[in-house]
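These notes are about the structure you will find just below.
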Amino acid sequence: MASSKVKKPKISILIPCYNEEAMVEKCVLSCLNQTLPADQIVFVDDCSKDKTPEILAQYIDRITVLRTPKNTGNKSSAQEYGLQFVTGDIMVTTDADTVLDPQFIEEIIKEFKDPTVGAASGYVRSMKYNWLTRCRAFEYSISQNIHKLAQNYIGFMFVIPGAAAAFRTDIFRQYCTFDHDTITEDLDFTYKIHKAGYKIGYNRKAVVNTQDPANLHAYRNQLRRWYGGGWQNLLKHFDVITRPASALELSLIYIEGVILPMMLFVLPLINLKLALLFFIPYLFNAVLYGILAAYFESRPDLMLAPFTYMFLMYINAYILIEQGIKEVVLRKKNLVWFKPDRVQI
C-alpha cells in the first residue's frame, strides 16, 4: 500500500552578501535555527573587504560559502553565481542584513502545497532603531496587512520582497532569468512569475526582520533604487497591464503615486486653504493607520509614526517624480547599486 505522506521538498536558502560584518552572523544563526531545518544554506560573498569572510568561515561545517571570482557590484549578479550551486526543490532568498524568524521556512513552504504556486512572499518587519526605521515599520505594516492582502485576493501580488521570498527552483531557473537590466531584481522576478502563469502565495506568518536605512542620506538613495527600479520594470513588463487584475492594481499604484505627489506640491501654490483641506484629512487617516499598525505589530510606538511620516511623504513624492522623469521621459536608466551602511542593532 502506497504511503499517504507527502514527501517534504528539499529546501535551499540563497543569500548574497558584501561587507555585511555588522549583521551577517545574526543572519547565519537565524537560518540555522529554523524549526524546519533547511537542507542547504548558501552564502555568496561578493568579494567582501571587511570581516564577512572570517565570520562565515566560522560556520563552514554547517553552511556553504561561495566567493565570486571578482566583485560583481550588485546583488543579482551574486545571486546568479550562487544559483548554479542550489540543489533544493524550493529556494528561499533573503538578504544578509535580515534575520529570519524561527518558523519562517515552516510557514513559507505551506504556500507550495498548491501545485500552481510558483513563488511565495513572506512578511517583512523593520528592525527597531530610530524615528526613520519606525516610519518604515509603519509603511510595511499598512502595505502588508491591507494592500498586499487585497493584491493576494485579486491574484496580483505586486512584488515578492527579496528579503522574504521563496521559489520553486525549477520554475525560477526556467523563467526568472538574470537580465541585469533593472535595479530591482525582486520586482523583475515577480513580473516574470506572473507572465509565466503561476500563482504567488502570501504568508503573513513567514516573518523576517530586516535592517532599513538609519539616516536620510541612505533612505533617499534606497528610494531612488526602489522607485527607479519600479519605473524600469513597468516599462519592461508593460504587456502585463493587459490582464484585468494587474491592470487594476498597477493603475491604482501608479495613478495614486503620481497624483498624490502632484497635489502635495501644487495645491499649496494654488490655494493654501484648499491644501489644508486636503492635508488635515490625510493626516487624520494616517493617524488611524498608525493605530492599526501599532495593533498589527504589537508596537505602541508606531502610533507616533504618522507625524514624522508626513515629512517623509514629501521626500517620497519628490523622488517618485524625479525617477519617473529620469527613467520614463529622459530614458536615463540607472543600474548603479547603492548599498547603505549597516548599524549594530
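The values are calculated or read from the model by the stated rules, or taken from the named source; none is laboratory data. Since the structure is predicted, the reported quantities are computational estimates derived from the model, not experimental observations. All Cβ positions, even for glycine, are placed from backbone atoms using ideal geometry, and neighbour counts span all protein chains on display. Accessible surface is based on the protein model in full, side chains and every heavy atom, while ligands, DNA and RNA are left aside. Shrake-Rupley method; radii C 1.70, N 1.55, O 1.52, S 1.80 Å.
List of remarks:
- Counting only protein heavy atoms and a 1.4 Å probe, the chain has 48 square angstrom of accessible area per residue.
- Within the chain, antiparallel bridges make up roughly 30 percent of the DSSP beta bridges whose residues both belong there.
- Highest average first, the peptides 324-332, 33-41 ordered by how many other beta carbon atoms sit within 10 Å of their residues are 33-41, 324-332.
- Across every pair of non-identical alpha carbons in the chain, the mean reciprocal distance, once inverted, gives a Kirkwood radius of 21.1 Å.
- Rounded if a/c under 1.5, otherwise prolate or oblate - the stretch 1-148, Cα gyration tensor axes: oblate
- Surface share of carbon and sulfur [accessible, 1.4 angstrom probe, percent] for the chain: 61
- Straight-distance crosslink candidates among aspartates and glutamates, where the alpha carbon sits under 13 Å from K333 and sequence neighbours closer than 8 are dropped: D181, E322
- The stretch 59-73 - phi-based ³J(HN,Hα) in whole Hz, Karplus 6.51/-1.76/1.60, Gly and Pro as x: 10, 4, 7, 10, 9, 9, 10, 10, 10, 5, x, 8, 4, 7, x
- Take every Cα pair under 8 Å whose residues are at least 6 apart in sequence, average their separation, divide by the length of the stretch 136-269, and the relative contact order is 28 percent.
- Amide H contacts of I13 (H built 1.01 Å from N, under 5 Å, at least 5 apart or other chain): Q40, I41, V42, V92
- Here's the list of lysines a cross-link from K326 could span, going by alpha-carbon distance under 27 Å and ignoring same-chain residues fewer than 8 apart: K75, K192, K195, K236, K339.
- Long-range amide H partners of Y202 with built H, under 5 Å: S121
- For L335, no residue whose modelled amide H falls within less than 5 Å of its own remains once neighbours fewer than 5 places apart on the same chain are excluded.
- Per-residue packing, averaged as other Cβ atoms within 10 Å, sorts the ranges 285-294, 264-273 into the order 285-294, 264-273, beginning with the highest.
- Length available on full extension from F284 to V258: 0.36 nm per residue minus the Cα-Cα distance, which gives 7.2 nm.
- Spin-label model, V336 to L274: label points 7 Å out along the Cα-to-beta-carbon direction sit 3.9 nm apart.
- 3J(HN,Hα) along the stretch 110-127, derived from phi through the Karplus expression 6.51 cos²θ - 1.76 cosθ + 1.60 where θ = phi - 60°, amounts to 4, 5, 8, 5, 7, x, 8, 7, x, 7, 9, 10, x, 10, 9, 10, 8, 5 Hz, with x in place of Gly and Pro.
- A simple rule links phi to the HN-Hα coupling: the Karplus curve 6.51 cos²θ - 1.76 cosθ + 1.60 with θ = phi - 60°, which for the stretch 258-270 gives 8, 5, 4, x, 4, 5, 4, 8, 8, 4, x, 6, 7 Hz, with x for Gly and Pro.
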